[in-house]
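Heads up: the structure comes next, in structure tokens.
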């Protein structure tokens, strides 16, 4: 069975990550797996993650203890291992709002209400 993984750090974007990941899990009728990567995977960290999910997550999602994974190590490696182990259909994660990606602008070819012409505006990511 595949899963949608919500990789959260308990920061400002984590609530949004939970809501989007929960919506995809419901849309695809699959399991939501919440993961948090920390330097020391102690039981109190798991409890903090569960409490955060109950407080800030979508009300439609009722997470059980086994739906939350607390891992340690390099964040990218831990997420990759979890995604492979869960046969993840999607990984949803937030941004710390720093670095090149935050400052990036992309040209948007989306057609809007401009008479069918492509938009020439720029969109901040």
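The values are calculated or read from the model by the stated rules, or taken from the named source; none is laboratory data. Just so we're clear, the structure is a prediction, and the values are computed from it rather than from any experiment. In this analysis, Cβ positions are derived from the backbone assuming ideal geometry, glycine residues included, and neighbour counts consider all displayed protein chains.
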Among (1) touching a strand residue (DSSP E or B) at 6+ places or on another chain (Cβ under 9 Å); (2) in a helix (DSSP H, G or I), the one test that residue 9 misses: (2)
Matching residues, the stretch 25-57, being touching a strand residue (DSSP E or B) at 6+ places or on another chain (Cβ under 6 Å), closer than 16 Å to residue 4 by Cβ and either assigned to a strand (DSSP E or B) or free of Cβ contacts under 8 Å to residues at least 24 places away in the same chain (or both): 31, 32, 33, 34, 35, 36
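Between 3, 78, 89, which is surrounded by fewer than 19 Cβ atoms within 10 Å (Cβ to Cβ) and in contact (Cβ under 8 Å) with a residue 12 or more places away in the chain? Give the steps one after another, and end with the answer.
Working: 3 fails: surrounded by fewer than 19 Cβ atoms within 10 Å (Cβ to Cβ); 78 fails: surrounded by fewer than 19 Cβ atoms within 10 Å (Cβ to Cβ).
Being surrounded by fewer than 19 Cβ atoms within 10 Å (Cβ to Cβ) and in contact (Cβ under 8 Å) with a residue 12 or more places away in the chain holds for just one of 3, 78, 89, which is 89.
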Listing of strands (runs of 3 or more DSSP E) fully contained in the stretch 58-125 that carry 3 or more residues being at pLDDT 55 or above and touching a helix residue (DSSP H, G or I) at 6+ places or on another chain (Cβ under 8 Å): 68-72, 90-93
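Quick check on residue 18: is it more than 16 Å from residue 71 (Cβ to Cβ), assigned to a helix (DSSP H, G or I) and in contact with a helix residue (DSSP H, G or I) (Cβ under 9 Å, 6 or more places away or on another chain)?
yes
Any residue at all in the stretch 9-31 that's more than 20 Å from residue 95 (Cβ to Cβ) and within 13 Å of the chain's Cα centre (by Cα)? Step through it out loud before you land on a result.
Of the residues in the stretch 9-31, the ones more than 20 Å from residue 95 (Cβ to Cβ) are 25-31.
Applying the additional criterion that residues be within 13 Å of the chain's Cα centre (by Cα) yields 25.
Checked against the condition, which is being more than 20 Å from residue 95 (Cβ to Cβ) and within 13 Å of the chain's Cα centre (by Cα), the stretch 9-31 yields at least one hit.
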